[in-house]
Amino acid sequence: MKSLVILKIGGNVINNSRVLKATMKNFASWHGNRILVHGGGNIASKIMVDLGIVPQMVEGRRITDRETLNVVTMVYGGLINKNIVALLQSFSCNAIGMTGADANIIPAKKRPIKEVDYGFVGDVKPENIPTDTIVSFLNAGLVPVIAPITHNCKGALLNTNADTIASSMAIALAKKFRVKLIFCFEKKGVLSNPDDENSVIESLNEVTYWKYKTEGIITTGMIPKLDNAFAALRSGVSELYICNPNGLKTDCREGTLITLNSHDE
């Protein structure tokens, strides 16, 4: 099988123009099939505050009312997505920016109301992702740059967690490629001590994850990231890492390798 790298970037990688430019230059130099998925929550939150809209988060996931949906669509699908595409083009990487509505690449369903009403948030099932369409982009020599906006196939846009999109995309494409999934943000990896930037956990399995989560060591935004990571590994993704931009330069050796328990036995 051919190899495919799916890189998800978020956090201060996007907020810091210097770091983003360096990261995109590095990404553009990679060979082979690549997909970039980006978030952009901090920028969206700042613009929301400027507009008098109060951002609401629950365990790292955004509550999306109608006003919030309008802002994140503009910020994720427009401002951030097109800036990233322009950067990649400047490094001779032929990127194509899109949301999940474009070419119907990520159909989703509005999340049902349970303990929390997340509003206009979309849940994605990997089996509903049309992999042949994505493969056609890759075969044409294009590098998809995907913003975390999906659609419900009935004319409505939905906000979807970017980690979920990266994980779902990796699972869907694992039937056609040997997929390596990388979550890249400002931290060096998963930390055993949130106050110590150097306390990187070199390898993390599900048992250790649940232990750290119960003890309150792993919290908020890291929870959906790791939930998606383990879901991806259980569904055929070959390799998975969490690191910062410096880790990308060393093939993620400075980050955290995420494994299933069976891989450690």
Quiz item: Karplus couplings for the range 118-130 from phi (6.51 cos²θ - 1.76 cosθ + 1.60, θ = phi - 60°), rounded to Hz, Gly and Pro as x?
Solution: 7, x, 7, 10, x, 9, 10, 10, x, 5, 8, 7, x
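For the range 147-240, take the convex hull of the Cα atoms, compute a quarter of its surface area, and give me that in nm², please.
Average of the hull's projected areas for the range 147-240 equals 7.2 nm².
Give the order of Cys184, Cys252, Cys153 when sorted by the count of other beta carbons within 10 angstrom, beginning with the fewest.
Arranged by neighbour count, lowest to highest, Cys184, Cys252, Cys153 become Cys153, Cys252, Cys184.
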Self-check item: Loop trypsin sites (Lys or Arg not before Pro), the range 17-126 (other Cβ atoms within 10 Å of the site Cβ: 14 or fewer; DSSP)
Solution: Lys114
Quiz prompt | Debye intensity ratio in log₁₀ form over the Cα atoms of the range 64-180, taken at each q of 0.13, 0.15, 0.16 Å⁻¹ | solution = -0.51, -0.67, -0.76
Self-check item: Mean Cα-pair separation over length for the chain, i.e. relative contact order, pairs under 8 Å, 6 or more apart, %
Solution: 22 percent
Quiz item: Given H placed on each backbone N at 1.01 Å, which residues far from Ser203 in sequence or on other chains put an amide H within less than 5 Å of it?
Solution: Leu257
Quiz prompt | Built amide H within the under 5 Å cut-off of Thr64, gap 5+ | solution = Gly119, Phe120
Quiz item: For the chain, list the DSSP H helices whose alpha carbon atoms reach 15 Å or more along the long axis and whose average Kyte-Doolittle value is -0.5 or above?
Solution: 17-29, 162-173, 222-234
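Rule-based calculations on the coordinates, nothing more; no lab input. Everything numeric here is computed off the predicted structure, so don't read it as measured data. Backbone-built Cβ (ideal geometry, glycine too); neighbour counts: all protein chains shown.
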